[in-house]
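Student: The structure that follows is given in the form of structure tokens.
All of the numbers you see were taken from the coordinates with simple rules; none came from a lab. Predicted, not measured: the structure shown is a model, and the values here were computed from it. Here Cβ is always computed from backbone atoms with ideal geometry, including for glycine, and neighbour counts include all displayed protein chains.
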Amino acid sequence: MAINFSLSKTNNSHFAQVIGSNQPKFLIGKETVYQQTKHGLINLTVADGLAYDAEKYKKEYKFWAYFIAPTAAAESKNSFLCLNTYDRAKFTFGFMQYAAHVPNGDFVRFFKELLALPNAKEYFPKIVLKDKRVFYRETTGAMTQLEDDRTTEGLMNYLNPSLDNIENQELICSARFVHWAMNDAVHRRLQVKIAVEHFKKNMQSYAESYNLDGFPAKVCQIICDIRHQGRAKSVDIINAINTRGNFELAYNKLLQLGQPLYASRISTVKTVIKKLSDTGVFNKKYKQSTNEFV
């Protein structure tokens with residue numbers, strides 16, 4: 001049975017409550033304006049039990065649970081409820097801010113895995129998986145494909161019809177994601193699974209592009225974070241790590257990429273890496289042949 005929400009607004013904050021339940025209302029997101037013309041929601045709520053903690057996932061993902069931690073802190077302060085609907089992606093969700101505008105990207109993969117869960121019909125009764133693609137099913141039974149190898153425009157428009165206003169459809173879809181993440185540990189574990197898979201795959205690619213075999217974990221992490229955010233080009237990364245094996249110099253040069261515009265983010269990543277290094281967790285090197293840190 002589908003979960004339905006009543007919507008309310010206080011000042012610039014939008015809330016939802018499950019109809020027919022005693023559950024309290026919860027924050028969907030706060031209104032924000034981006035680049036003067038783009039309107040949407042933002043949710044950076046960090047709550048107990050709803051924030052990423054590498055220690056809780058180390059048994060399953062070992063070192064990779066820690067490797068993604070600096071970027072998670074920078075992206076969302078580790079919040080599994082992180083939401084934004086105001087930029088060109090139209091809909092971004094999760095502690096790693098999975099973005100809906102990339103065909104076959106992290107959001108699409110994440111959403112498909114969510115749709116395979118038993119309770120998916122409770123949250124998205126009209127969205128189905130068919131032939132490994134996301135479809136919208138009309139009440140008549142007619143099916144409309146929302147994404148393929150070239151575009152996710154249909155999916156983006158379903159989740160968030162426009163950036164001109166905050167529509168009811170945008171609020172409902174946002175409420176569904178936030179409530180699902182709040183109330184289902186499987187949802188949160190899928191966020192982590194997708195993040196680890198994404199970073200492992202990226203490391204294989206970056207290792208080939210930048211010859212990272214034998215590089216310290218902290219240098220590799222900074223490179224992954226730079227590419228995840230997109231704050232520097234490959235040529236800048238190559239120049240930064242061209243230090244004839246002086247990894248500390250390479251690390252410090254990588255930290256300068258994106259300064260001063262992204263100083264706050266870089267500081268967050270650096271702080272988490274230092275904490276993990278001080279405890280000995282990050283004292284590993286990348287082994288390209290196995291795509292692992294040893």
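Student: Given H placed 1.01 Å from N in the peptide plane, which residues other than close sequence neighbours of residue 215 have an amide H under 5 Å from its amide H?
Tutor: 286
Student: Tell me, what are the semi-axes, in whole angstrom and largest first, of the equivalent ellipsoid of the range 134-270 as set by the roots of 5 times the Cα gyration tensor eigenvalues?
Tutor: Calculated on Cα positions only, the semi-axes equal 39, 17, 16 Å.
Student: Which entries in the list 62/285; 58/200; 218/275; 201/287; 25/121 go over 18 Å, if you measure between the two C-alpha atoms of each?
Tutor: Checking Cα-Cα distances, 25/121 exceed 18 Å.
Student: Take the alpha carbon atoms of the range 97-148, find their center, do the same for the range 15-66, and report the distance between the two centers in whole angstrom.
Tutor: 20
Student: Right, next: Kindly state, as a whole number, the per residue volume in cubic angstrom of the convex hull around the alpha carbon atoms of the chain.
Tutor: Working: hull volume 44.2 nm³, N = 294.
Given the Cα convex hull of the chain, per-residue volume reads 150 Å³.
Student: Which of the GluC sites (Glu not before Pro) found in the range 129-173 are loop residues per DSSP with 14 or fewer other Cβ atoms within 10 Å of their Cβ?
Tutor: In loop regions of the range 129-173 (DSSP not H, G, I, E or B), the sparsely surrounded GluC sites (Glu not before Pro) are 138, 167.
Student: Based on alpha-carbon centroids, what's the gap between the range 156-209 and the range 247-294 in Å, whole number please?
Tutor: First find each Cα centre; the distance between them is then 25 Å.
Student: What relative contact order, as a whole-number percentage, does the range 188-265 give when Cα pairs under 8 Å and 6 or more residues apart are counted? Provide the component values of the computation, followed by the final result.
Tutor: On the way: 42 pairs, mean separation 19.5, N = 78.
After rounding, I find 25 percent.
Student: Right, something else. Remind me, relative contact order of the chain in percent, using alpha carbon pairs under 8 angstrom and six or more residues apart? Walk me through the numbers on the way to the answer.
Tutor: Working: 473 pairs, mean separation 46.8, N = 294.
Rounded, it is 16 percent for the chain.
Student: At 20 angstrom or more along the helix axis (alpha-carbon based) and mean Kyte-Doolittle of -1.0 or higher, what helices does the chain contain? Whole DSSP H runs only.
Tutor: Answer set is 168-183, 185-210, 263-278.
Student: Something else: Which order do 173, 82, 224 fall in if you start with the one that has the fewest other Cβ atoms within 10 Å?
Tutor: The fewest-first ordering by Cβ neighbours comes to 224, 173, 82.
Student: I've got another one for you. Looking only at trypsin sites (Lys or Arg not before Pro) in DSSP loops with at most 15 other Cβ atoms within 10 Å, what is the longest site-free stretch of the chain?
Tutor: 151-232
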